[in-house]
1. Once all Cα-Cα distances of the stretch 199-280 are split into 5 Å bins that start at 0, what whole-number percent is in each one?
2. Sorted from fewest to most neighbouring beta carbons within 10 Å, what does the list 367, 391, 120, 198 look like?
3. Of all DSSP beta bridges located in the stretch 268-386, what percent are antiparallel, nearest 5?
4. Need one number for the chain: average projected area of the convex hull over its C-alpha atoms, nm².
5. So, in Å, what gap is there between the alpha-carbon centers of the stretch 345-391 and the stretch 299-343?
6. Treat the stretch 268-386 as a sphere of radius equal to its Kirkwood radius over Cα pairs and apply Stokes-Einstein at 20 °C in a medium of 1.002 mPa s; give the translational diffusion coefficient in µm²/s, rounded to a whole number.
7. Which of 244, 203 comes first, and how do the rest follow, when ranked by fewest Cβ neighbours within 10 Å?
8. In what sequence do 3, 200 fall when counting other Cβ within 10 Å, fewest first?
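Rule-based calculations on the coordinates, nothing more; no lab input. Just so we're clear, the structure is a prediction, and the values are computed from it rather than from any experiment. All Cβ positions, glycine included, derive from the backbone under ideal geometry; neighbour counts span all protein chains shown.
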Ligand SMILES: [Zn+2]
């Protein structure tokens, strides 16, 4: 992956990041909020300084090799440089992942604010990115009427035009111009052209959707042409249809983005409710689900987690074994797995769980819409759908 700075953020990138492990080096992760209230936008110097100071102090207590320590110390310098370069790029925050020993860095400019934090671990800490992707699906929006069409990409609250199509459709017959058979003939002629236009748009949608990493397809425009386009979509594209938005073909990009946001909120509420229904059924009926921190950790250790469900940004401190990586929600002094006597505190246990689950190929869902969130909180705020039944 080398060194990269990119304004685009896709699910595939986050999955690749989560799997990156530059043995024997560690990865330093920085999420930094940019203060837009300062003219020109500037990372709050105090925030970064505080994070760096804490990180340096934390290094003393960690059991690192000389190589690892040198790499992390270099990372902190690189992050200072990245934070300095960030405001000019116009984002609201930055996510940076650095492993200097492996000559590797990835930087993402984020269009939404984040809670500033700095973390050092064996892999990049992607939870904040994963949650944001979950909140803001990447849509391909296809707006079409009888003669024109626009393809718009919407991602993280921003819309950008991808393509415009205009078909040569004869104008509608004006009143009093044609009569009887002649009018019906011309009507058919126009419908042929509209049909070809819709085919062209469906083909353009198929191409555009295949090229990029979209999460869903959204249609907009007059009801009649939207219905025709829906029928004309390729079978491969149909399952990706996320919904329709009430915007005209000529709508400004801001309006397209806002309509997609509304659609995403509604879609999330439906999806969250469905996930909690599945979890409850898996726990109570089929035995392929668990809820609560201890049971979820147990399932994760056995590689059984297919999907992880977390209520909002729920987290709590826990313990980890520095020797074997065992995670615990309890208060053991000795590691239950390898017996070594030095369990260490971790401030964000759930984040560790999410990162590990992602590494095993599990998907994490942050349940933030009501009433789904309250339903999950009532069951311990975390749960998992399992790949197999635990005996
Ligand atoms: Zn251990």
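1. 3, 13, 21, 22, 22, 11, 6, 3, 1
2. 391, 120, 198, 367
3. Numbers: 13 of 18 bridges.
Antiparallel bridges make up about 70 percent of those DSSP assigns within the stretch 268-386.
4. Values: hull surface 97.7 nm².
With every direction weighted equally, the projected area is 24.4 nm².
5. With the stretch 345-391 and the stretch 299-343 each reduced to a Cα centre, they are spaced 13 Å.
6. Diffusion coefficient, whole number: 148 µm²/s.
7. With the fewest neighbours first, 244, 203 line up as 203, 244.
8. If I rank by nearby Cβ atoms, fewest first, I get 3, 200.
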